[in-house]
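A quick write-up on the structure given underneath.
The values are calculated or read from the model by the stated rules, or taken from the named source; none is laboratory data. Treat the numbers as computed from the prediction; the structure is a model and nothing was measured. For neighbour counting, all protein chains shown are included, and Cβ atoms are generated from backbone atoms with ideal geometry for every residue, glycine included.
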Amino acid sequence: MHLRHGVVALALGLAGCSGTGTEPSEGQMKDAMLEAMNHPPGETVSDPIKILFFKKEACDDPTKQGFRCTFTVKVGSANIGASIYNNITFGVFYKDKDSGRWAMRPPF
């Protein structure tokens with residue numbers, strides 16, 4: 001009986017070492033990207049960017065930086081510079097320690 005408890009404890013311990021846990025869902029990735037585009041650090045966005053289309057493709061195994069996930073995205077905005085995001089094919093997503101929400105590291 002003690003052996004079984006030891007195996008369960010070991011399995012739970014190893015599961016806890018997997019980094020940030022499960023990968024983000026498509027909706028969480030879309031929300032994180034929308035937040036990153038419209039609220040860049042130290043800048044004010046005068047013309048909000050909208051995501052017109054977003055499709056999650058795949059995520060690599062997590063690293064200390066988070067999950068590197070590929071996606072297809074199409075954005076729209078009155079700001080012509082926002083179209084640069086249409087050329088982004090991947091991002092690194094991580095759980096923000098303060099908010100507990102998924103965030104996206106700046107792609108450039």
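Values as computed for the structure displayed
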| quantity | calculated |
| --- | --- |
| Output for the stretch 65-90, where each listed residue is among the charged types (D, E, K, R) and farther than 13 Å from MET104 by Cα | LYS74 |
| Test: ASP98 is closer than 25 Å to GLY21 by Cβ and part of a loop (DSSP other than H, G, I, E, B) | yes |
| Pick from the stretch 29-62, criterion touching a strand residue (DSSP E or B) at 6+ places or on another chain (Cβ under 8 Å) and small (Gly, Ala, Ser), ranking: surrounded by the most Cβ atoms within 10 Å (Cβ to Cβ) | ALA32 |
| Residue tally, condition surrounded by 13 or more Cβ atoms within 10 Å (Cβ to Cβ) and among the small types (Gly, Ala, Ser), over the stretch 63-108 | 7 |
| Hits in the stretch 38-71 - residues which are of a type in the set (A, V, I, L, M, F, W, C) and either in a loop (DSSP other than H, G, I, E, B) or at pLDDT below 95 (or both) | VAL45, ILE49 |
| Pairs where the first residue, in the stretch 80-101, is in contact (Cβ under 8 Å) with a residue 24 or more places away in the chain and the second is β-branched (Val, Ile, Thr) and surrounded by 14 or more Cβ atoms within 10 Å (Cβ to Cβ), C-beta under 6 Å, 6+ apart | ALA82/ILE49; ALA82/VAL75; TYR85/VAL75; LYS95/THR20 |
